[in-house]
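Visitor: First the structure, then my questions, so here it is.
The values are calculated or read from the model by the stated rules, or taken from the named source; none is laboratory data. Remember, it's a predicted structure, so these values are computed and weren't measured experimentally. No Cβ is skipped: glycine too gets one built from the backbone with ideal geometry, and neighbour counts run over all protein chains shown. Surface areas here come from the heavy atoms of the whole protein model, side chains and all, with no ligands, DNA or RNA. Shrake-Rupley method; radii C 1.70, N 1.55, O 1.52, S 1.80 Å.
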Amino acid sequence: MRLGVLDVGSNTVHLLVVDAHRGAEPTPQLSEKSQLRLAELIDKRGNLTRAGAESLCSAVADARDEAKRLDCGELLAFATSAVRDAKNSGEVLDLVRRRTGIPLTVLSGEDEARLTFLAVRRWLGWSAGTLLSLDIGGGSLELSAGADESPALAVSLPLGAGRLTKQAFRSDPPPKDEIVRLRDHVDEVLAKPAKALAAHGPYDRVVATSKTFRTLARLTGAAPSSAGPRARRVLTRDGLSQVTSFIARMASADLAELDGVSPGRAHQVLAGAVVAAAAMDALGVAELELCPWALREGVILRRLDGIDV
């Protein structure tokens, strides 16, 4: 069957089309993104701006048409933290449905962590043992851990790279005191969840997903995307420290020129690095292994299992 997955995230609206059936690896046919940065289009009242809602409607309509052109039998459309956290979320969802005919399912933070964990487990297999998974998005950080396909503990925290960039940094590049204050804030938010996650260890594998982690790993010398999804990629704590010191002095326009850095996300990389470092320190992790599957693949796998997302 041909499935379309429409992921309305905090940074992008991402359409992934795959050919898949139960028990087989989904085969990607198309991956198309619209860079909306919804997490940065939340106004002072906590609402998604009208311009943001209009852009979202257009992106969803384009994705709907593309999925139809590619003969998708089903379009699984969902939204994550930017829409979920907006105070006018209900109005935005209604507008999207009326304009496009597409009902967006809003995933909770725990749903995101749970489905990402499923994707990581299926990619690595049972031989990976007890897993700890980290995923930095635009709006939130998902952490999950366990020995099964469903995590024993799944946590979502408001520590996304886009959200924190908007909240913490006033200039580009930011002064050192703003970076220090951000790190203190992230440490405080992570303290209690990190203790809970530590209780589920020790872990056989510690795994990271998401564009933020892939970018940071690439900056430390990990294989480029052209090497394919099965190339082994890691992010070490020492490598992350070196990269963070380097990029902290760079304007995002200069950072965007580096290999592996997306121009649309360059301004968020530093905040993402701060979160990654704080999470690794809080969890006592010296090295992360990168997994190419994440939330979208988790949604696909759950659908193929015949279980509602």
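Visitor: Residue by residue through the stretch 280-309, note down the ones that are within 26 Å of T220 (Cα to Cα), open to solvent by less than 30 Å² (accessible area, probe 1.4 Å), in contact with a Leu (Cβ under 6 Å, 6 or more places away or on another chain) and in a helix (DSSP H, G or I).
Guide: Matches in the stretch 280-309: L295 only.
Visitor: One residue is enough: does the stretch 136-151 have a residue meeting the conditions of a type in the set (D, E, K, R), in a loop (DSSP other than H, G, I, E, B) and either in contact (Cβ under 8 Å) with a residue 24 or more places away in the chain or farther than 27 Å from L36 by Cα (or both)? Spell out how you get there, then give the answer.
Guide: Of the residues in the stretch 136-151, the ones of a type in the set (D, E, K, R) are 142, 148-149.
Those still in the list that are in a loop (DSSP other than H, G, I, E, B) too: 148-149.
So of that shortlist, the ones also either in contact (Cβ under 8 Å) with a residue 24 or more places away in the chain or farther than 27 Å from L36 by Cα (or both) come out as 148-149.
Within the stretch 136-151 (the criterion being of a type in the set (D, E, K, R), in a loop (DSSP other than H, G, I, E, B) and either in contact (Cβ under 8 Å) with a residue 24 or more places away in the chain or farther than 27 Å from L36 by Cα (or both)), the answer is yes, since at least one residue qualifies.
Visitor: Just one of (1) open to solvent by 20 Å² or more (accessible area, probe 1.4 Å); (2) among the aliphatic types (A, V, I, L, M); (3) touching a residue at least 60 places away in the same chain (Cβ under 8 Å) trips up V189, so point out which.
Guide: Of (1) open to solvent by 20 Å² or more (accessible area, probe 1.4 Å); (2) among the aliphatic types (A, V, I, L, M); (3) touching a residue at least 60 places away in the same chain (Cβ under 8 Å), only one is false for V189: (3).
Visitor: For the stretch 227-237, check the following and say yes or no: at least one residue is under 22 Å from L157 (Cα atoms) and open to solvent by less than 20 Å² (accessible area, probe 1.4 Å). So that I can check it myself, show each step before the final result.
Guide: Here is the first cut: in the stretch 227-237, the residues under 22 Å from L157 (Cα atoms) are 235, 237.
Add one more test, that the residue is open to solvent by less than 20 Å² (accessible area, probe 1.4 Å), and what stays is 235.
For the stretch 227-237, residues under 22 Å from L157 (Cα atoms) and open to solvent by less than 20 Å² (accessible area, probe 1.4 Å): present.
Visitor: What are the residues in the stretch 1-57 that are in contact (Cβ under 8 Å) with a residue 60 or more places away in the chain, open to solvent by less than 40 Å² (accessible area, probe 1.4 Å) and over 26 Å from L159 (Cβ atoms), if any?
Guide: L3, G4, V18, A20, P26
Visitor: Okay, moving on. Scanning the stretch 123-137 for residues that are within 11 Å of the chain's Cα centre (by Cα) and open to solvent by less than 10 Å² (accessible area, probe 1.4 Å), which turns out nearest to R302 (Cα to Cα)?
Guide: Initial filter on the stretch 123-137 (within 11 Å of the chain's Cα centre (by Cα)): 134-137.
Applying the additional criterion that residues be open to solvent by less than 10 Å² (accessible area, probe 1.4 Å) yields 134, 136.
Numbers: L134: 19, I136: 21 Å.
Top of the filtered list is L134.
Visitor: Something else now. Taking E110 and the conditions (1) in contact with a Leu (Cβ under 9 Å, 6 or more places away or on another chain); (2) open to solvent by 20 Å² or more (accessible area, probe 1.4 Å); (3) over 14 Å from R205 (Cβ atoms), which numbered condition does it fall short on, given that it satisfies the others?
Guide: If we test E110 against (1) in contact with a Leu (Cβ under 9 Å, 6 or more places away or on another chain); (2) open to solvent by 20 Å² or more (accessible area, probe 1.4 Å); (3) over 14 Å from R205 (Cβ atoms), just (1) comes out false.
Visitor: Turning to a different aspect of this structure: Taking the criterion of being within 20 Å of R163 (Cα to Cα), basic (K, R), within 21 Å of the chain's Cα centre (by Cα) and in a loop (DSSP other than H, G, I, E, B), would at least one residue in the stretch 42-49 satisfy it?
Guide: At the first step, the residues of the stretch 42-49 found to be within 20 Å of R163 (Cα to Cα) are 42-49.
Within this subset, residues satisfying the condition of being basic (K, R) are 44-45.
Retained after the next criterion (residues that are within 21 Å of the chain's Cα centre (by Cα)): none.
No, the conditions are met nowhere in the stretch 42-49.
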